[in-house]
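Just so you know, all these numbers are worked out from the coordinates, no wet-lab data involved. All values reported here derive from a predicted model rather than from experimental measurement. A quick note on method: Cβ atoms are made from the backbone with ideal geometry, for glycine too, and the neighbour counts reach across all protein chains shown.
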Amino acid sequence: MASGSHATLEVRKLKKNFLVGKEEIPVLKGIDLKVDFGEFVVILGPSGCGKSTLLNTILGLEEPTEGQVLVRGKDVYTMDEDGRANFRRQKFGVVYQQPNWIRSLNVIENVAFPLNIAGVHHHTAMKRAKEILYLFKFDKYEKYYPMELSGGQQQKLSMCRALIANPWIVLADEPTGNLDTITAEDLMYDLKVLNSESRRTIIMVTHNTDYERYATKLIYMEDGLIKKIEQREKPVISQEEEEQVIDLAEEGLAK
């Protein structure tokens, strides 16, 4: 059950350096950030400013040089690598700019795959995949292979896969980067509905300022630092609604 005593996500004094040859290059230079339940956070900044590194560190994929990543008060990096992987599968859904598909699997099998590797019974995984494809009006493509689909269709499919385990945080890394304007707006609409109606917390990285209008919180990054945070609105979500979403995530990997 949700306790309501912690922010959904908190990043404290986060630093990340990469070793290039013999030189240590700072990419994140001291990030402090708090995200409350149900927010739609848009992180803006030029290429190379550290946006994607920040997302990967939040996901538990890039161990920080210094600092903490707390998800509902739990420090992600007190877990070992396997623990972080399990935590990530349950709590996070991820939509990347370039989806990675298993080419030998069709659409419904790709969507079900995260549940399969989590040990969910195959029949249960396929049933959930069919349900989420239907929800996104994508069930007619279930027997296609992802590479037979357009770029926009693949991103919608990527959204289905990201949501298969009922995560309560969705991270999107330049999800519209390879899409035309109309298709990109369609994807942004889906993200907004997911946020406003399904009460999922969204954290999206982009360099496109046109998407500022979707945000409840805007974060401007430059040169590995947060230069400005603009709180546009505060989501009003009851404790009961929050608990329902958290409980769905806890049930999402049930076998």
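Each peptide in 82-95, 164-177 gets a packing score, the mean of other Cβ atoms within 10 Å over its residues, and the list from highest to lowest is 164-177, 82-95. Measuring from centroid to centroid over Cα atoms, what is the spacing of the stretch 147-175 and the stretch 200-224 in Å? When both Cα centres are located, 18 Å separates them.
Annotation for the stretch 47-117 versus the stretch 6-38: alpha-carbon center distance of 15 Å. How much net charge surrounds Glu142 when only the other residues with a Cβ under 15 Å from the Cβ of Glu142 are counted, with Lys and Arg +1 and Asp and Glu -1? That sum, taken over residues with Cβ under 15 Å, equals +4.
What does the charge add up to near Ile182, with Lys and Arg as +1, Asp and Glu as -1, over the other residues with Cβ less than 15 Å from its Cβ? Around Ile182, the charge tally is -4. Checking (1) 166; (2) 120; (3) 134 against volume of the Cα convex hull per residue in Å³ calculated from these atoms, the matching label is (3). Candidate cross-link partners of Lys137 among the lysines, defined by an alpha-carbon separation under 25 Å and a same-chain spacing of 8 or more, comprise Lys91, Lys127, Lys156, Lys192.
A helix-only calculation puts the chain at -10500 deg cm²/dmol for mean residue ellipticity at 222 nm, using -39500 (n - 2.57) for each DSSP H run of at least four residues, averaged over all residues.
With a sphere of radius 12 Å drawn around the Cβ of Lys217, what net charge do the other residues whose Cβ falls strictly inside it have (Lys, Arg +1; Asp, Glu -1)? Don't jump to the answer; show the numbers that get you there.
Numbers: positive: Lys34, Lys228, Arg232, Lys234; negative: Asp36, Glu39, Glu212, Glu230, Glu233.
My count for the surroundings of Lys217 gives -1.
When both bridge partners sit in the chain, DSSP labels roughly 55% of those beta bridges antiparallel.
Note on the stretch 61-211: semi-axes of the ellipsoid equivalent to its C-alpha gyration tensor, largest first and rounded to whole Å, are 25, 21, 14. With each label modelled as a point 7 angstrom along the Cα→C-beta vector, the Ile102-Glu241 pair spans 3.6 nm.
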